[in-house]
Structures are given as structure tokens and as C-alpha cells.
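Below is one structure; the comments refer to it alone.
The values are calculated or read from the model by the stated rules, or taken from the named source; none is laboratory data. It should be emphasised that the depicted structure is a prediction, and the values quoted were computed from it without experimental measurement. Note that each Cβ is placed from the backbone with ideal geometry, even for glycine, and that neighbours are counted across all protein chains shown. Heavy atoms of the whole protein, side chains included, go into the accessibility calculation; ligands, DNA and RNA do not. Shrake-Rupley method; radii C 1.70, N 1.55, O 1.52, S 1.80 Å.
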Amino acid sequence: MLSPLGDVVCTEPVISLTFEMLQKAGIEGEIWFQGDNTASKLLTGHPMLTGTFPEDSPPPFGAQVVLDITSPNDCPSIASLRAGDKVSAVKLFCASSSVLGQTLHYDGRSPRLYLTAEEEERVLLLQLEGVKRVVVQESGRHWWKTYPHLKKLVQLLLSTGVQVFVVSDKPITFAVKGMVPLVALPIRDLMVHLKAADLVIGLDSGITHISAALGVPTYGIFGPTDPEEILGVYNLNVSWNTLPLHCPRARC
């Protein structure tokens, strides 16, 4: 399974649709997710998932592979998106999957992620602090997944009296008095902080997918990629703005 987290989130409807298809067929089946350590942990707590197992281990006895994605270049959905097709990754993931010899038909549902009961308690404790919480992502995996005015945005948010948490998987490149850095958090701890937030401001990245799939109010700041194509499954609203940045596409 792919390790980019946004792509893992986009495969979640495959799990729920497979579960429902097995139920309709009267089959008591198990659904397992195979992936790297981080990707597998992302789906912990899913009520329709029997369990996860490492990517370098054989599948449980008798398991049938529904969707096999070994790399972005081998994935028909990602290859199609890169070719400029106007269709969401979720729809293409489902179209490339089959159960009992039948293709999964995507019904438009948004991906969903789940927390465990213990994690939900942690979220509640954070929310009981009574402070408005905003989580801001510093940067994405690629150079174009960066917002150049992030420090000013954090300063503006802090001036309104909210508590601002800045998330990054590496040392944060700026400091603003009052902000709380969250650096290299384990994925489940990150999910708790996202779920406890009143607002998440992410980039073209997995964090934005995770936040939206947890049902948290989410803004994504995009550059040359198309948010309607990448995040349209979450029923988002899009506002296009002209920025003084180099952009290879007409809209950024």
C-alpha cells in the first residue's frame, strides 16, 4: 500500500464498500489492510476492518487481495490524475478494486477515519480546556506545498486569542511567541490533536486529508494542484486567489 498518507485516506471507502458488499452477499468475511507502519496505524480503530499487518509480511491465511498498490507509478488512479483526468482519486481507487469478481461502485461518500475509545477521551480532555484550538501545518512533502506567508498567518491567529499549534515532521523554520510546536508526532497522537481542534489549516498534503476524514473543519491552502480534484470528495468550497508566486497553471 502507498505510504503517502493522503492516498491511504482516499482508499478508506474501499474498506467500507467492500464490507457492505460482503454483507449483501451474506458472507462473513474479514478485511485486512497491509501497509507500512504509519499507513497501517492511520486506519486503527476502523469498525469495518479486522486488522492490519506489515507490508513485508504475507497476508492472513486465505486472504484475497482487493486492491494492490505497490508504488505511485504503478497505481492506475494516480497515473490517471497525473495525466490530467478530472476525477477524484477515491473514485479511481474504487474503480480499480473488485470483490467477488465485481467492481466496487463508488457512491460519493467521503473517506472516514476513526479514533479508539481511549483516544476519544484524550480529545475530550483537550477540548475541556476551553480554549479555541487551531492547528496549522508548516509544509508539505514537495516545494510547491508551502505557504510563504505562514508566519504572518500564525501571528494573526494568535492576535485573535486562539491557541495555535504548528505541525511539522521536521524542525519548524520560524518561531512566534505563543505558538505551540508539534514536531514529528506519532500518527495517532497527531490524529488526537487534529480531532480536538476547532479548525485545521493544512496544505496539499495528508494532514488535510486526515483532518477532513476525521470530520474537523478544515481549510487547505493549495498551489499549482487542483483542490477540487484532490479534495472534492469532502464537499469543499473553493476560493481562487491570485498570488505573486510562480505557478505552472492558470489558477493557483
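Here are the numbers for the structure shown:
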read-out	value
Helices (runs of 4 or more DSSP H) wholly inside the range 1-92 that include at least 3 residues being modelled with pLDDT of 85 or more and open to solvent by 30 Å² or more (accessible area, probe 1.4 Å)	12-24
Glu138, sole failed condition from (1) of a type outside the set (S, T, N, Q); (2) in contact with a helix residue (DSSP H, G or I) (Cβ under 8 Å, 6 or more places away or on another chain); (3) at pLDDT below 90	(3)
Tally, over the range 194-222, of residues that are open to solvent by 20 Å² or more (accessible area, probe 1.4 Å), assigned to a loop (DSSP other than H, G, I, E, B) and more than 19 Å from Pro181 (Cα to Cα)	3
Breaking point among (1) closer than 20 Å to Leu113 by Cβ; (2) without any contact (Cβ under 8 Å) to a residue 12 or more places away in the chain, for Lys152	(1)
Residue count for the range 223-240, restricted to those that are outside any loop (DSSP other than H, G, I, E, B), open to solvent by 30 Å² or more (accessible area, probe 1.4 Å) and free of Cβ contacts under 8 Å to residues at least 40 places away in the same chain	1
Residues within the range 127-152 that are open to solvent by 40 Å² or more (accessible area, probe 1.4 Å) and among the polar types (S, T, N, Q), tallied	2
Total residues in the range 117-131, condition part of a loop (DSSP other than H, G, I, E, B) and modelled with pLDDT of 95 or more	0
